[in-house]
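Notes follow the structure.
The values are calculated or read from the model by the stated rules, or taken from the named source; none is laboratory data. Quantities reported herein were computed from a predicted structural model and do not represent experimental measurements. As a convention, Cβ positions derive from the backbone with ideal geometry for all residues, glycine included, and neighbour counts pool all protein chains shown. To get the accessible areas, we keep the full protein, side chains included, count just its heavy atoms, and leave off ligands, DNA and RNA. Shrake-Rupley method; radii C 1.70, N 1.55, O 1.52, S 1.80 Å.
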Amino acid sequence: MSHVFSDAILHRAESLSYESIASLSGVRSVTWWNQMANYGADAPPAPGLIPDLARALELSERRVEELVAEQWYGVRPNDEIPERLRKLVKILRGIDPEDVELVEQLAQALSDKHTAETLVGAFAPSGEAAGQATSCGSSPKRSDRV
C-alpha cells in the first residue's frame, strides 16, 4: 500500500516541526501528525479536515484529497501528471498570463536539449558516457560553466 499522505507530512516536516505543522492546521495534535507521518493510521482524515490539512501541508485541497484517496483506498488520479512535476504545476498556476508563452518556450528549449543529449549519449562510442567532454573539443559540462 502506498503511503503518499504520510510521505507528504514527512516532506513538510523537513522544514517544520510537528508542533508547527499542528499549529498551522489548528485541528490535529502534534502526536497525530507524528503518528500519521511515521506509522500511518487505520482510518483516513475526515473530509471536513481537508482544508486545514492542505493549509498545514502547503498543498491544494485537491492534492490532499488525492493523497488520502491513494493511501487509504488505493485510488490514483488519472490526470497523469508525474509526481516530479506537481510542484512545478503549482508554481505555474501563479504566473502572469502574459508570461505563459515565455515559459512554454523555455520548457520546450529544455526538453529539446534533454532529447538531444539523450540521442547523443545513445550514439557515444563505448567507454564514453553521455555529457562527458571528449578530445574532439565538445562543449563543457553544465557543472563546468559559470
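For region 66-98, the set of residues classified as open to solvent by 80 Å² or more (accessible area, probe 1.4 Å) and not aliphatic (A, V, I, L, M) consists of 73, 76, 78, 80, 83, 84, 87, 90, 93, 97, 98, listed by residue number. Residue 39 meets each of the listed conditions (1) open to solvent by less than 70 Å² (accessible area, probe 1.4 Å); (2) under 14 Å from residue 5 (Cβ atoms); (3) more than 20 Å from the chain's Cα centre (by Cα); (4) not acidic (Asp, Glu) apart from (1). Annotation: residue 31 fulfils all but one of (1) modelled with pLDDT of 90 or more; (2) more than 12 Å from residue 56 (Cβ to Cβ); (3) open to solvent by less than 60 Å² (accessible area, probe 1.4 Å); the unmet one is (3). A single entry from 9, 21 fulfils the requirement of being in a helix (DSSP H, G or I) and farther than 22 Å from residue 73 by Cβ: 21. Of 101, 19, all but one fail to be surrounded by fewer than 15 Cβ atoms within 10 Å (Cβ to Cβ), in contact with a helix residue (DSSP H, G or I) (Cβ under 6 Å, 6 or more places away or on another chain) and free of Cβ contacts under 8 Å to residues at least 60 places away in the same chain; the exception is 19.
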